[in-house]
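Values in this text are rule-based calculations from the coordinates and carry no lab data. For clarity, every value in this text was computed on a predicted model and none was experimentally measured. Note that we place each Cβ from the backbone using ideal geometry, even for glycine, and neighbour counts take in every protein chain shown.
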Amino acid sequence: MKIVSVINYKGGVGKTTLTANLGAELAFRGRKVLLIDLDPQSSLTFSFIPPDLWQKEYSESKTIKNWFDSLSDGGSITLTDLIFTPRATNDTLNGEGKLDLIASHLGLINVDLELATELGGASLKQAQKKFLKVHSHLLNGIEEINDYDIILIDCPPNFNIVTKNAIVASDNILIPAKPDYLSTLGIDYLIRSLNSLIEDYNDYAKISNKEYEEIAPEIIGVVFTMIQIHGGQPISALRPFISQTKRLGIPVFDNYFRENKTIFADAPQYGVPVVLNRYSGITYQGVVSEIEQLVSEFAKKIGI
């Protein structure tokens, strides 16, 4: 089972759209996919179920916030308890694939503050042990899950403790970005933050008497989103930012998501990502073809 976190410091870069369509297309191809929504905005959750259904059936006791809250009670809730199957998307699938989801909650914002209170200690050794314990909560929770080919984690647009939990639990990191100044500016800083977290975690793990294992999440690459196309290529104004990112020495996907506000903005209200919808028209077919090519590139990179 592969675990992939989708993260960028900056919001509004198509992170949730990328996660939803990756998961949906992989499920359509026969993979068993679990999506975990760690973003308090809950956009991934509402891409598959309407807010009123979430409010009625999930908000009180079946979100990732409830799982984090239960940790103080000794883990009375498991992640498996929270998994559900969005009907609209799964009705479009063929073969053996499936797509399941763990919903988010606006109150997840407060979870980070609660986790922070668990850090620290009377001695350096105690502080190191608490660091490992707090940052490995999600890793331990996911170890109970074994029914999937891939887990995709939609992270919040920051580097808080919840995000760090996702990174510690992950095999790979995927970075969506718009090819503009602000969206690409933070990629280098994000990579340095990732490396710092991995280094600290592994340093503490080495002295934990094998209670904790070292981690090695690998950056799969940067996926550019909201691309404006002319002549089958990104417009000239975007190319310098793509080239600048490549000079950072990290992989950049050959395929991308083009900008189409109408197609992508309308999809969540139907609970089915764009790649699985049955729209007609040349523009839609072009968008879907590009998503399918990106998913093929992604699947090849992580070996599923």
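Show me the GluC sites (Glu not before Pro) within region 59-136 that DSSP assigns to loop and that have at most 10 other Cβ atoms within 10 Å of their Cβ.
Numbers: sites: Glu60, Glu96, Glu114, Glu118; in loops: Glu60, Glu96, Glu118.
Sparse-neighbourhood loop GluC sites (Glu not before Pro): Glu60, Glu96.
May I ask you to list the trypsin sites (Lys or Arg not before Pro) in region 168-241 that are in a DSSP loop and have at most 11 other Cβ atoms within 10 Å of their Cβ? Let's see the in-between values first.
On the way: sites: Arg192, Lys206, Lys210; in loops: Lys210.
Filter output for region 168-241: Lys210.
Between Ile207 and Tyr279, with labels modelled 7 Å along Cα→Cβ, what's the label distance in nm to one decimal, could you check?
Taking the simple label geometry, Ile207 and Tyr279 are separated by 5.5 nm.
Take the Cα atoms of region 16-111, find their three principal axes, and give me the spread along each one in whole Å, biggest first.
Its Cα atoms span 40, 24, 23 Å along the three principal axes.
Over region 179-283, what is the relative contact order in percent, taking alpha-carbon pairs closer than 8 angstrom and at least six residues apart? Write down the numbers at each step before the final one.
Working: 76 pairs, mean separation 28.3, N = 105.
Computed over region 179-283, the figure is 27 percent.
Hey, what number do you get for the chain at 222 nm if only DSSP H runs of n ≥ 4 count, each worth -39500 (n - 2.57), divided across all residues, to the nearest 500?
Details: 14 runs with 132 residues, N = 304.
My calculation for the chain gives -12500 deg cm²/dmol from helical runs alone.
Distance from the Cα centre of region 223-263 to that of region 89-143, in angstrom?
Taking the Cα centre of region 89-143 as reference, the centre of region 223-263 is 32 Å away.
With a Förster radius of 41 Å, plug the Cβ-Cβ distance of Ser196 and Thr78 into 1/(1 + (r/R0)^6) and report the FRET value to the nearest 0.05. All intermediate terms of the calculation are to be shown ahead of the outcome.
Details: r = 31 Å, r/R0 = 0.75.
The computed FRET efficiency comes out at 0.85.
Give me the one-decimal Kirkwood hydrodynamic radius in Å for region 1-67, with the sum taken over alpha-carbon pairs. Each step should come with its number before you reach the end.
On the way: mean 1/r = 0.0758 Å⁻¹.
With all distinct Cα pairs of region 1-67 included, I get 13.2 Å.
Which whole-number percentage describes the relative contact order of the chain, with Cα contacts under 8 Å and a sequence gap of 6 or more?
Working: 531 pairs, mean separation 82.5, N = 304.
Reported relative contact order: 27 percent.
If the reach is capped at under 16 angstrom between alpha carbons, list the aspartates and glutamates near Lys210, excluding any in the same chain fewer than eight residues apart.
Candidates past the 8-residue exclusion: Asp200.
Hydropathy at least 1.0 by Kyte-Doolittle, axial extent at least 24 angstrom from the Cα trace: which helices of the chain, defined as entire DSSP H runs, fit?
The answer is none, since no helix passes both cut-offs.
Quick one: P(r) of region 92-143 from all Cα-Cα pairs, 10 Å bins, percents rounded to integers, in order of increasing distance.
18, 34, 24, 14, 7, 2
A 26 angstrom limit on the alpha carbon distance is what I want to check against. Which of Lys178/Lys300; Lys15/Lys301; Lys32/Lys130; Lys65/Lys206; Lys62/Lys164 exceed it? The partial results should precede the final answer.
Details: Lys178/Lys300 23 Å; Lys15/Lys301 19 Å; Lys32/Lys130 34 Å; Lys65/Lys206 30 Å; Lys62/Lys164 22 Å.
Checking Cα-Cα distances, Lys32/Lys130; Lys65/Lys206 exceed 26 Å.
Working only with C-alpha atoms, what are the Rg and Dmax values of region 184-295, expressed in angstrom?
Rg and Dmax of region 184-295, Cα atoms, are 19.1, 60 Å.
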